[in-house]
Amino acid sequence: MALLFLQGPMGPFFRHMACQLDQAGFDVHKINFNGGDRFHFQNNQNLPNNNYTGTPENWRIFLHNYVKKEQVTSIFVYGDCRFYHRIAKEVALRNNIEFVVFEEGYLRPHFITMEFGGANAYSQLDLSSETIENAVIPEQPKPKSTGSRLRNWGKYATTYYWAARLVKNNFPDYLHHRDASPLREGYNWIRSGIRKLLVEKSDQKLQKNLIDNLKKQFFVVPLQVHNDSQLLFHSDYESMEDFIIQTIKSFHKNSNEKHHLVFKHHPMDRGHKNYRDLISIISRKLDLTGRVHYGFELHLPTLLDNALGCITINSTVGISALLHSCPTICCGRAPYNIKGLTNQLAIDDFWQQPGFVDEIFYQKFHDYLQHHNQLNGNFYKNPEKTAAKCCEFFLERSQCIIKTSNFKLIKAKAA
């Protein structure tokens, strides 16, 4: 019985998890697709660490042969929308192999997601209103703070992209899901820092005006990163620009003329995109100048506490909005877009009928998620401890394994 790791979060998380499962008695394998994958999986346990250097077109047959030869029973991936992982899921289904998906937490900020079969809109978890309403869930522990991940994430991203760049010729046909140039990424993050400094004062002024003078008179739109797989695979929008344009047009046609619209830029996309000109042009054309606003450094929880409603494609910010009792509508496909939780009207109707949040049902939903697929941890800060929790979760929930004699070892590390 073999466990196969493909691409994980940038950093050593998958390495820690693989090593711990190896110590628990499993036959653990890893396939790397670039130098960054290989660099972060270096270990002292001599785990089978293979490099896939073939073409994207040949990946399916390579993986099919590999899982057959090694008798793989479970495949682990971070994100199920990347090209190599989409193919891996198909191969897993065809060969009755368990497919385990990691993602950032649905519940923020102190959780990660670990699901069997798929994540986000591909989730296999029964999220019907009836099931959640009738579920008997044990009392969920209050999560421990995981702290800020940004510094470690930046360190891991830098080493990942440079490692990938330095041995790029060894993986000539690798297909990355995002821009893999360390120079371009470095430039974008420098620009991000500069932009943050430039807009802080004006954004503070905008937020003060919203809270002091427009409380419960504005809708907030938390933007997602421009290349978010949730936008590309789980919505019908062509781009973030398309979403912005369609949202402003709907607001123009259907909103109360006293109400305002506030776009909040995603902090991880600050150096990559700037939609200010686009929003200004559309607003002027529709005579909405002064009613449509755009900010980078707005404090989102404060906005949600004071907004009439939240419009999102399918960001997990939508769950945070519900936590703040802010009526929310999803314009894409999301696991939390459930009757009784989010507004089920069309966006054109939402402006006049945002509704309210059923706080009792939200708490049931929250506990249901936390019990089934949310783990208190962080991929980038204390990844070894988070990996131990994931190993424990896997050993408890997997349908493909017999509990090993070293199960107590995993539990001890997770404590």
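The values are calculated or read from the model by the stated rules, or taken from the named source; none is laboratory data. Everything quoted here is computed from the prediction, not taken from an experiment. Counting neighbours? That spans all protein chains shown, and the Cβs are built from the backbone with ideal geometry, glycine included.
Values computed for the structure shown
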item: Residue that is farthest from residue 229 (Cα to Cα) [pool: residues in segment 331-352 that are touching a Phe, Trp or Tyr at 6+ places or on another chain (Cβ under 8 Å) and not hydrophobic (A, V, I, L, M, F, W, C)]; result: 340
item: Test: residue 68 is surrounded by 15 or more Cβ atoms within 10 Å (Cβ to Cβ) and of a type in the set (Lys, Arg); result: no
item: Pairs, first within 15 Å of residue 2 (Cα to Cα) in segment 69-97, second among the acidic types (Asp, Glu), C-beta under 8 Å, six or more apart; result: 70/27; 73/98; 74/98; 75/98; 92/98
item: Output for segment 307-326, where each listed residue is surrounded by 20 or more Cβ atoms within 10 Å (Cβ to Cβ) and over 17 Å from the mean Cα position of the chain (by Cα); result: 307, 308, 309, 310, 311, 322, 326
item: Breaking point among (1) under 23 Å from residue 324 (Cβ atoms); (2) touching a strand residue (DSSP E or B) at 6+ places or on another chain (Cβ under 8 Å), for residue 133; result: (2)
item: Residue in segment 166-176 that is touching a residue at least 40 places away in the same chain (Cβ under 8 Å), of a type in the set (Lys, Arg), assigned to a helix (DSSP H, G or I) and out of contact with any Lys or Arg (no Cβ under 6 Å at 6 or more places or on another chain) present; result: yes
item: From the options 224, 217, residue that is assigned by the TED database to the domain that holds residue 302 and either over 22 Å from residue 9 (Cα atoms) or modelled with pLDDT under 95 (or both); result: 217
item: Filtered residues of segment 364-402 (kept if over 24 Å from residue 150 (Cβ atoms), of a type in the set (A, V, I, L, M) and surrounded by fewer than 23 Cβ atoms within 10 Å (Cβ to Cβ)); result: 395, 401, 402
item: Residue check for residue 348: surrounded by fewer than 17 Cβ atoms within 10 Å (Cβ to Cβ), modelled with pLDDT of 95 or more and closer than 19 Å to residue 135 by Cα; result: no
item: In segment 305-331, the residues that are more than 20 Å from residue 254 (Cβ to Cβ) and out of contact with any Ser or Thr (no Cβ under 7 Å at 6 or more places or on another chain); result: 305, 306, 315, 316, 317, 319, 320, 323, 324, 325
item: Hey, residue 90 surrounded by fewer than 18 Cβ atoms within 10 Å (Cβ to Cβ), farther than 18 Å from residue 15 by Cα and within 27 Å of the chain's Cα centre (by Cα) or not; result: yes
item: Given (1) crowded, with 16+ Cβ neighbours inside 10 Å; (2) without any contact (Cβ under 8 Å) to a residue 40 or more places away in the chain; (3) assigned by the TED database to the domain that holds residue 297, index of the condition residue 208 fails; result: (1)
item: Selected residue [assigned by the TED database to the domain that holds residue 312 and in contact with a Cys (Cβ under 9 Å, 6 or more places away or on another chain)] from 235, 250, 239; result: 235
item: Any hit, segment 355-373, residues being basic (Lys, Arg), under 21 Å from residue 120 (Cα atoms) and assigned by the TED database to the domain that holds residue 209; result: yes
item: Lone qualifier among 216, 142, 205 - being outside any loop (DSSP other than H, G, I, E, B) and basic (Lys, Arg); result: 205
item: Odd one out for residue 179, checked against (1) loosely packed, with under 14 Cβ neighbours inside 10 Å; (2) modelled with pLDDT of 95 or more; (3) in contact with a helix residue (DSSP H, G or I) (Cβ under 8 Å, 6 or more places away or on another chain); (4) not assigned by the TED database to the domain that holds residue 293; result: (2)
item: Residues of segment 224-245 satisfying the condition of being touching a helix residue (DSSP H, G or I) at 6+ places or on another chain (Cβ under 7 Å) and in contact (Cβ under 8 Å) with a residue 60 or more places away in the chain; result: 224, 230, 231, 234, 237
item: Failed item in (1) of a type outside the set (Phe, Trp, Tyr); (2) in contact with a helix residue (DSSP H, G or I) (Cβ under 7 Å, 6 or more places away or on another chain); (3) surrounded by 18 or more Cβ atoms within 10 Å (Cβ to Cβ), with residue 123 passing the rest; result: (2)
item: Residue in segment 149-157 that is over 21 Å from residue 391 (Cβ atoms) and at pLDDT 95 or above present; result: no
item: Residue check for residue 388: of a type in the set (Gly, Ala, Ser), at pLDDT 95 or above and farther than 30 Å from residue 24 by Cβ; result: no
item: Close pairs (9 angstrom Cβ cut-off, 6 or more residues apart or separate chains): assigned by the TED database to the domain that holds residue 378 and basic (Lys, Arg) in segment 11-25, part of a loop (DSSP other than H, G, I, E, B) and surrounded by fewer than 22 Cβ atoms within 10 Å (Cβ to Cβ) anywhere; result: 15/41; 15/42; 15/43; 15/47
